[in-house]
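Here the structure comes first, spelled out in structure tokens, and everything after it is commentary.
The values are calculated or read from the model by the stated rules, or taken from the named source; none is laboratory data. Given the structure is predicted, the values throughout are model-derived calculations rather than measurements. Remember, those area values only see protein heavy atoms, side chains included, never the ligands or the DNA or RNA. Shrake-Rupley method; radii C 1.70, N 1.55, O 1.52, S 1.80 Å.
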Amino acid sequence: RPRRPGAPAPGERWDRALVRVPPGSGAALATALRTARAARLARRGSEPVRVRVDPEDIG
């Protein structure tokens, strides 16, 4: 059957999280996520991680 838009490909599993922070803390969260993602990529054996921050203009 056809895949829904935004659904994982067959055989893949996605985990999603909604993280909310107080106003003015978005930049710190984005920095922490970027640092964690870089550390995970450096391990080479880890599965790739996609991080999306909405809205892009945070601060």
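Details
- Rounded to 10°, Cα long-axis angle of helix 26-42 versus longest principal axis of the chain: 50
- Accessible surface, the chain, averaged per residue in Å² (probe 1.4 Å): 99
- Here the chain has 53 percent of its accessible surface on carbon and sulfur atoms, given a 1.4 Å probe and all protein chains in place.
- Within the chain, helix-based [θ] at 222 nm, where runs of 4 or more DSSP H residues each add -39,500 (n - 2.57), nearest 500: -9500 deg cm²/dmol
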